[in-house]
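The values are calculated or read from the model by the stated rules, or taken from the named source; none is laboratory data. What you are looking at is a predicted structure, and each value in this text was computed from that prediction instead of being measured. Please note: Cβ atoms are built from the backbone with ideal geometry, for glycine as well, and neighbour counts cover all protein chains shown. Please note that ligands, DNA and RNA were not included when accessible areas were found on the heavy atoms of the full protein model with its side chains. Shrake-Rupley method; radii C 1.70, N 1.55, O 1.52, S 1.80 Å.
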Number of protein chains: 2
Amino acid sequence: MFTNLYSHLLMSSTFVANDRSYQAPDKPILAICADGWDPEYVDDALERVLMPCLAQALADGGTYTLGRAQVPTFTNPNNVTIVTGVSAAQNGIAGNHYRTADGGEVQVTDPSFLRATTIHAAALEAGIGVLCVTAKDKLRQLLATGGVPAFSAEKAHEQQLPDGTPVIEAMGAENPDIYDWRLSPYTIDMAVTLAPRFDARIVYASLTDFVQHSAAPGEPMADDFYRAVDISIGRALDAGFVLGLAADHGMRPKAAPDGSPNVRFLDDALEAAGVTGAHTLCPITDPYVVHHAALGSLAWVHLDDLSQLGHARSVIAALPGIEGVLDRFAAADAFELPADRIGDLIVLADAGTVIGKSAAAHDLSALHGTLRSHGGLHERSVPLIISHRLREGALLGRDLRNRDLHDLLLNQLA
Amino acid sequence: MFTNLYSHLLMSSTFVANDRSYQAPDKPILAICADGWDPEYVDDALERVLMPCLAQALADGGTYTLGRAQVPTFTNPNNVTIVTGVSAAQNGIAGNHYRTADGGEVQVTDPSFLRATTIHAAALEAGIGVLCVTAKDKLRQLLATGGVPAFSAEKAHEQQLPDGTPVIEAMGAENPDIYDWRLSPYTIDMAVTLAPRFDARIVYASLTDFVQHSAAPGEPMADDFYRAVDISIGRALDAGFVLGLAADHGMRPKAAPDGSPNVRFLDDALEAAGVTGAHTLCPITDPYVVHHAALGSLAWVHLDDLSQLGHARSVIAALPGIEGVLDRFAAADAFELPADRIGDLIVLADAGTVIGKSAAAHDLSALHGTLRSHGGLHERSVPLIISHRLREGALLGRDLRNRDLHDLLLNQLA
């Protein structure tokens, strides 16, 4: 992992991951990937004093600012950009879902997809204790790369600590269901509770956005959620952690005036226009259909026959609610994506629109309430929060991204 | 210009421009905007030893790396991103040309278009001597903002120093014509010769890309040009300057197999498809038509009637050689552009294609040889060169842009 180029940095207090250097922390740090925390939730929760612990940390010198997320604004690409510190072009993870060369579709859960090390794996190799805890089990494998201890709240009832203790016994509480708003606070509590077992000083907790898909800021479930998360944040601070938080993406309503999802089905539109062999892939796709029915505001289109590219582009560009169509190379350049992991066309929907494959392929009946989703450019602005004071000038002139979270926590504290 | 926020930085040795801080230089610096220097020219010139002074500086610890340019990859947006240190979204300059609210078209030459200070104006206000010299006069006014002394090689015969000395008398040589390959080396020589007259320690020289539009790497005029520029670079180094160089954009051939320009005329295509009130604006447009006949690989389309947006998008997306069409907001987000200074649609042509308004609007007969041009994503990768050693780790983990040139020269030297 280390080349001679960085040998001068190999002091015990510094390690390098993907060409970025990080300092070993004086105090343990907890980085939280706050899934789907559109800035509107944070602003609302602070304004209505739902998060007194967070508010106190900010009043005492903490920072709340905005940064930009990786496009597509989906969960896996953004978790991986945060834990690697580099763009999808470098780390190789461009979606939750991926179309293989033979036309199959697979979940991007296997670490073999990774083209970069994680900050946690690099820290571990440098002798610093680490721990990753995810709400959804789908992410656990990616984060466990390099021997990093990784657990999920979703499957906590099946997991054990190295000494054989069941995780839920260590927690002293059963893990909530995947569609329970208590799962994310439980995830933070797991990170704080289990960290001492691994002597972990660089800890990562990745939440789930079921709440944000289901409830707008100010709705009862969102209020319950942010109050409970704040209690968990308070526990982490009391336990001595410096806390950092970045969202993977924002979240917006994507419904037509009648409440139905405002969706364009690309395969249907392409087929009706005589384009054959087009395969829309929704990179939001994951096993958790109740959230979003695999409908997000960005999709890839793969074509069996590239001579139909211009025709396909034209058909899609004519659809209302589409705000951009880019060829593979142009999209890779514009959004720092790995060109071989995206489609022949990349389609962007506007703020209020989502993209599907075909009417037959999405089970809209599974949706829980009015559709709220993400994936495009309108969910790119995300909160970045650091509980402790940053050194003067730490943010001066920076084009902040959520992938800078570990730089802020490890290199920029006062 | 300075807010209280930065008052702690107001030591005599540091100044702030647009939220980035810069240190006053120990040795005078010369930043060169190397117009149209695709990395291929630099690689070729170094390989064939056309630039021995530059090669020696690199051998002695200098740096040659690549960075990314501002999209659209045109001259004014990239000169302004280099001299402000921030993106077009912040500095307001998105093209050489601009469509006004009343449908007129104007050159972006007036400083009133600037929404950011220049590094030179900020340095001057901090008491540091500065000087800007441009090859083309069109840029001079923008760079003179804030009282910065600014001259152009093109109009040197009309300009005088503050003591009344004619510039060409101070130079001891007449200024070459705008279509003479000697104009760029003369520009560098002007910067070096005039700097002492202004006690200038932060000096900027902006070249012209007439040569790169006309000759590929290895062609005789290109060879003459790079040899002559190297002599001027050697003079600058001998005069004690630390030299930095960044290109504003690359350059690629844009011709069909028969040698004619490979161009798509958008207004013609839109009119033929029944879209009315569409106005294509080529932001490459400037007074120097022999270079490129106002044909580049990116254009805006303004629509009188936004209800035709989807139709227009579809018509354009169907054209061969088009690799992307984005709505105003999506383009502003994707490429850090000021949304009110671009079109309703932003059109990207592929590596070998350019975009025009209509066949009638461009005088292709004015073109000097086979068309070479720029403006899109394929001219975004540009050389960044620093003549002196950078401090260890200065480039570690950075997503370098050409707008970082002054940061490298003022903050990152060893």
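Sort out which residues of segment B:285-343 are touching a His at 6+ places or on another chain (Cβ under 7 Å), more than 25 Å from B:Ala89 (Cα to Cα) and surrounded by 24 or more Cβ atoms within 10 Å (Cβ to Cβ), and write them in order of number.
B:His291, B:His292, B:Ala293
For segment B:344-356, how many residues are closer than 25 Å to B:Ala256 by Cα and surrounded by fewer than 22 Cβ atoms within 10 Å (Cβ to Cβ)?
Final tally of qualifying residues: 3.
Among A:Val106, A:Val83, A:Val148, A:Val130, which is the only one that is within 30 Å of A:His279 (Cα to Cα) and either at pLDDT below 95 or more than 14 Å from chain B (Cβ to nearest Cβ) (or both)? Outline the logic, then answer.
Working: A:Val83 fails: within 30 Å of A:His279 (Cα to Cα); A:Val148 fails: within 30 Å of A:His279 (Cα to Cα); A:Val130 fails: within 30 Å of A:His279 (Cα to Cα).
Just one listed residue meets the conditions, A:Val106.
Being among the acidic types (Asp, Glu) and out of contact with any Cys (no Cβ under 6 Å at 6 or more places or on another chain) is the filter here, so list the residues in segment A:196-234 that pass it. Explain how you work it out, then say what you get.
The initial filter retains those residues of segment A:196-234 that are among the acidic types (Asp, Glu), namely A:199, A:209, A:219, A:223-224, A:230.
If the condition is that a residue be among the acidic types (Asp, Glu) and out of contact with any Cys (no Cβ under 6 Å at 6 or more places or on another chain), then A:Asp199, A:Asp209, A:Glu219, A:Asp223, A:Asp224 are the ones that fit.
Which residue out of A:Asp223, A:Asp230 is outside any loop (DSSP other than H, G, I, E, B) and over 22 Å from A:Lys136 (Cβ atoms)? If you could, list the steps in order and put the result at the bottom.
Numbers: A:Asp230 fails: over 22 Å from A:Lys136 (Cβ atoms).
Going through A:Asp223, A:Asp230 in turn, the sole match is A:Asp223.
Here is a check on your reading of the model: is B:Thr187 β-branched (Val, Ile, Thr), more than 19 Å from B:His368 (Cβ to Cβ), modelled with pLDDT of 95 or more and crowded, with 24+ Cβ neighbours inside 10 Å?
Values: β-branched (Val, Ile, Thr): yes; more than 19 Å from B:His368 (Cβ to Cβ): yes; modelled with pLDDT of 95 or more: yes; crowded, with 24+ Cβ neighbours inside 10 Å: yes.
So B:Thr187 passes the test.
Could you check, for segment B:203-212, whether at least one of its residues is assigned to a helix (DSSP H, G or I) and not assigned by TED's automatic domain parsing to the domain that holds B:His157? Steps first, answer last, please.
Initial filter on segment B:203-212 (assigned to a helix (DSSP H, G or I)): B:210-212.
The next check asks that each one be not assigned by TED's automatic domain parsing to the domain that holds B:His157; those that pass are none.
No, every residue in segment B:203-212 fails to be assigned to a helix (DSSP H, G or I) and not assigned by TED's automatic domain parsing to the domain that holds B:His157.
How many residues does segment B:345-354 hold that are away from every other protein chain (no Cβ under 11 Å) and in a loop (DSSP other than H, G, I, E, B)?
Of the residues in segment B:345-354, 2 are away from every other protein chain (no Cβ under 11 Å) and in a loop (DSSP other than H, G, I, E, B).
Which numbered condition in (1) closer than 20 Å to A:Ala247 by Cβ; (2) within 13 Å of chain B (Cβ to nearest Cβ); (3) open to solvent by less than 20 Å² (accessible area, probe 1.4 Å); (4) among the aliphatic types (A, V, I, L, M) is the only one that A:Leu395 fails?
Going through (1) closer than 20 Å to A:Ala247 by Cβ; (2) within 13 Å of chain B (Cβ to nearest Cβ); (3) open to solvent by less than 20 Å² (accessible area, probe 1.4 Å); (4) among the aliphatic types (A, V, I, L, M) one by one, A:Leu395 breaks only (3).
For (1) more than 7 Å from chain A (Cβ to nearest Cβ); (2) out of contact with any Pro (no Cβ under 8 Å at 6 or more places or on another chain), each residue gets a yes or a no:
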| site | (1), (2) |
| --- | --- |
| B:Trp300 | yes, no |
| B:Leu303 | yes, yes |
| B:Leu309 | yes, yes |
| B:Ile316 | yes, yes |
| B:Pro320 | no, yes |
| B:Gly324 | no, yes |
| B:Ala330 | no, yes |
| B:Asp333 | no, yes |
| B:Glu336 | yes, yes |
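Can you tell me which residue is farthest from the other protein chains (Cβ to nearest Cβ) among those in segment B:17-38 that are modelled with pLDDT of 95 or more, over 21 Å from B:His388 (Cβ atoms) and open to solvent by 10 Å² or more (accessible area, probe 1.4 Å)?
Among residues in segment B:17-38 that are modelled with pLDDT of 95 or more, over 21 Å from B:His388 (Cβ atoms) and open to solvent by 10 Å² or more (accessible area, probe 1.4 Å), the one farthest from the other protein chains (Cβ to nearest Cβ) is B:Asp38.
Among the residues that make up segment B:71-85, is at least one of them assigned by TED's automatic domain parsing to the domain that holds B:Met171 and open to solvent by 10 Å² or more (accessible area, probe 1.4 Å)? Steps first, please.
Our first condition is that a residue be assigned by TED's automatic domain parsing to the domain that holds B:Met171; within segment B:71-85, this holds for B:71-85.
Okay, now just the ones that are also open to solvent by 10 Å² or more (accessible area, probe 1.4 Å), so none.
Checked segment B:71-85: no residue is assigned by TED's automatic domain parsing to the domain that holds B:Met171 and open to solvent by 10 Å² or more (accessible area, probe 1.4 Å).
Within segment A:90-107, is even one residue farther than 30 Å from A:Arg227 by Cα, of a type in the set (Ser, Thr, Tyr), open to solvent by 30 Å² or more (accessible area, probe 1.4 Å) and outside any loop (DSSP other than H, G, I, E, B)? Break it down stepwise before answering.
Applying the first criterion (farther than 30 Å from A:Arg227 by Cα) to segment A:90-107 yields A:90-95, A:97-107.
Still in the list and also of a type in the set (Ser, Thr, Tyr): A:98, A:100.
Adding the requirement that they be open to solvent by 30 Å² or more (accessible area, probe 1.4 Å) leaves A:98, A:100.
Adding the requirement that they be outside any loop (DSSP other than H, G, I, E, B) leaves A:98.
The answer is yes, given that some residue of segment A:90-107 is farther than 30 Å from A:Arg227 by Cα, of a type in the set (Ser, Thr, Tyr), open to solvent by 30 Å² or more (accessible area, probe 1.4 Å) and outside any loop (DSSP other than H, G, I, E, B).
Restricting to segment A:359-383, count the residues that are more than 24 Å from A:Asp267 (Cβ to Cβ) and either among the hydroxyl-bearing types (Ser, Thr, Tyr) or open to solvent by 50 Å² or more (accessible area, probe 1.4 Å) (or both).
Qualifying residue count, segment A:359-383: 4.
Hey, among B:Gly147, B:Gly172, which residue is free of Cβ contacts under 8 Å to residues at least 24 places away in the same chain and of a type outside the set (A, V, I, L, M, F, W, C)? Even if it seems obvious, please write down each step before you answer.
Values: B:Gly147 fails: free of Cβ contacts under 8 Å to residues at least 24 places away in the same chain.
Sole residue among the options that is free of Cβ contacts under 8 Å to residues at least 24 places away in the same chain and of a type outside the set (A, V, I, L, M, F, W, C): B:Gly172.
A quick yes/no check of all residues on (1) over 24 Å from B:Gly240 (Cα atoms); (2) among the hydroxyl-bearing types (Ser, Thr, Tyr); (3) outside any helix (DSSP H, G or I):
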{"position": "B:Asp44", "(1), (2), (3)": "yes, no, no"}
{"position": "B:Val49", "(1), (2), (3)": "no, no, yes"}
{"position": "B:Leu54", "(1), (2), (3)": "no, no, no"}
{"position": "B:Leu58", "(1), (2), (3)": "no, no, no"}
{"position": "B:Gly61", "(1), (2), (3)": "no, no, yes"}
{"position": "B:Tyr64", "(1), (2), (3)": "no, yes, yes"}
{"position": "B:Val71", "(1), (2), (3)": "yes, no, yes"}
{"position": "B:Asn76", "(1), (2), (3)": "yes, no, no"}
{"position": "B:Val83", "(1), (2), (3)": "no, no, no"}
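Among the listed residues A:Gly250, A:Gly240, which satisfies the condition of being open to solvent by 10 Å² or more (accessible area, probe 1.4 Å), in a loop (DSSP other than H, G, I, E, B) and touching a residue at least 12 places away in the same chain (Cβ under 8 Å)? Lay out the reasoning, then the answer.
Details: A:Gly250 fails: open to solvent by 10 Å² or more (accessible area, probe 1.4 Å).
The conditions single out A:Gly240.
Within segment B:172-186, is there a residue that is under 17 Å from B:Asp248 (Cβ atoms) and in contact with a Cys (Cβ under 7 Å, 6 or more places away or on another chain)?
Looking through segment B:172-186, none of the residues is under 17 Å from B:Asp248 (Cβ atoms) and in contact with a Cys (Cβ under 7 Å, 6 or more places away or on another chain).
For segment A:140-181: of the residues being charged (D, E, K, R) and surrounded by fewer than 17 Cβ atoms within 10 Å (Cβ to Cβ), which is farthest from A:Ala222 (Cα to Cα)?
A:Asp163
For the structure I just gave you, tell me whether A:Val133 is more than 24 Å from A:Val211 (Cβ to Cβ) and either assigned by TED's automatic domain parsing to the domain that holds A:Pro77 or among the β-branched types (Val, Ile, Thr) (or both). Reasoning before the result, please.
Numbers: more than 24 Å from A:Val211 (Cβ to Cβ): no; either assigned by TED's automatic domain parsing to the domain that holds A:Pro77 or among the β-branched types (Val, Ile, Thr) (or both): yes.
Taking the combined requirement at face value, the residue does not satisfy it.
Could you check A:Thr145 against (1) more than 30 Å from A:Asp344 (Cβ to Cβ); (2) among the polar types (S, T, N, Q); (3) in contact with a helix residue (DSSP H, G or I) (Cβ under 6 Å, 6 or more places away or on another chain) and say which number it fails?
The single condition A:Thr145 does not satisfy is (1).
Name every residue in segment B:211-235 that is over 11 Å from B:Trp37 (Cα atoms) and among the hydrophobic types (A, V, I, L, M, F, W, C), in order of residue number.
B:Ala215, B:Met221, B:Phe225, B:Ala228, B:Val229, B:Ile231, B:Ile233 - these are the residues of segment B:211-235 that are over 11 Å from B:Trp37 (Cα atoms) and among the hydrophobic types (A, V, I, L, M, F, W, C).
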